[in-house]
């Protein structure tokens, strides 16, 4: 089966009575999840998340789904369903609501509460909301929605069954099947089986851990490891995790109480999210446990714990600033223990190891996933996915949420569980899949790129400008200014050369000046008078010289002035 779709053209009009599925993010990457369903001219959107930039996205803050495919049809959107409150599923909602403010938002209590604080930051007034729980069934236009409890690394996650006259779609969202979760809320396999009996025509399943054999470790297995860390540490403990990982924070709070330590949150998003979780009853904080982070300096270090953001090495996060010794009131002393209680998101490895090295250099003992069981995944492994395929027995399967290798592994599991090969669809962002008369097939492709948020600007950064930034950051730049006589074409001033990003002395470039003059003189003698062509001559000469002499490929900015 081919997994690439470069030859696809725009999809034909949707067949009468058919359901169209358009993934705008989350297929081929871990993040930026957004899927659009279309029936009878009406649209339903499931999730609207962000992707966090990697090292090859210099200066980029966030990456959004591309709304272009539905931008001129936003008035047809019946609702936006949010499966859970992680940034890669809700982070782009404010940007979509800027384009249409009154899209109804549908999600669980915690999900909408976390989103609400985000919308306030974006100064977006509270939009229309429908709080739903597992077992609820609501309709928006032609879409009849039923919600199913699923277990994930954040409370209150939901799968959604979407019934239309074209058939039923079951979208798992992110999920796993922890049989002993901290909140006792397990993935509702009875509901999955009941929906399977009714007939699931298209099953969209989380692919993130499809390559991992067996079953995902239970959250409760982390508790003994945390207990050992607390028992063996006689100084301060700093635990870094996602600002939305309520279960992990609960485990740290429980361990702190057990060992007689006070707890402080560090990082704005951690303080905000845990406040919301406590207010809504998802986080239980024993009285007298929490203190303000600025009070920690007055307490014995062996009696304190900090719960911090920054487990992914984000440059401006609390943990990164602590590692760089730039945090305004927290500094590491030898003997402190730092626990990175989260997974490594693909692409963040260098940033995380940079933080680990920085903390280790300051004398901290760093406990992380590679040397202790301080994190378990929030996603179903291969054994759990096979369970689901056997219970649901879907007619068609479309793996979602994951890189291509994850989705291919998930598709292999579906086939192993008996789904016919030609009923397993591997799509990528922008690839359109139509469910018509019980059969799901790829029918075309819509334009669907990355939309970069850079400071306050959205979509102004292109791939070519990112390439320029990478060259500037890695290879430096050289500017060359030459003044030529407008009549004779002879060089009368310069070349004036400035270079940045080179350790060499400016005098290094003295050797190339005569070469630039000779090349320009020759070009003029051969009849070249156009400034742009003369600039290209300079670019070629300098590029060749810098490449041979300094083994670099800098950005070269030639300027030719006439006098």
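The values are calculated or read from the model by the stated rules, or taken from the named source; none is laboratory data. The shown structure was predicted, so the numbers you read here are calculated from the model rather than taken from an experiment. Methodologically, a virtual Cβ is constructed for each residue, glycine included, from the backbone with ideal geometry; neighbour enumeration extends over all protein chains shown.
Residues of the range 188-202 that are part of a helix (DSSP H, G or I) and either without any contact (Cβ under 8 Å) to a residue 40 or more places away in the chain or closer than 25 Å to residue 426 by Cα (or both): 189, 190, 192, 193, 194, 195, 196, 197, 198.
Residue count for the range 383-415 under the criterion of being in contact (Cβ under 8 Å) with a residue 24 or more places away in the chain, more than 20 Å from residue 23 (Cα to Cα), surrounded by fewer than 20 Cβ atoms within 10 Å (Cβ to Cβ) and touching a helix residue (DSSP H, G or I) at 6+ places or on another chain (Cβ under 7 Å): the result is 3.
On inspection, residue 475 qualifies as closer than 23 Å to residue 555 by Cβ, buried (at least 16 other Cβ atoms within 10 Å of the Cβ), at pLDDT 60 or above and in contact with a strand residue (DSSP E or B) (Cβ under 9 Å, 6 or more places away or on another chain). Here residue 499 meets each of (1) at negative phi; (2) surrounded by 15 or more Cβ atoms within 10 Å (Cβ to Cβ); (3) within 46 Å of the chain's Cα centre (by Cα); (4) modelled with pLDDT under 70 with one exception, condition (4). Total residues in the range 136-187 satisfying the condition of being over 30 Å from residue 221 (Cα atoms), part of a loop (DSSP other than H, G, I, E, B), in contact with a strand residue (DSSP E or B) (Cβ under 7 Å, 6 or more places away or on another chain) and in contact (Cβ under 8 Å) with a residue 24 or more places away in the chain: the figure is 3. With a requirement of 3 or more residues that are in the same structural domain as residue 233 (by TED's automatic domain parsing) and at pLDDT below 95, the helices (runs of 4 or more DSSP H) lying completely within the range 342-424 that satisfy it span 349-361.
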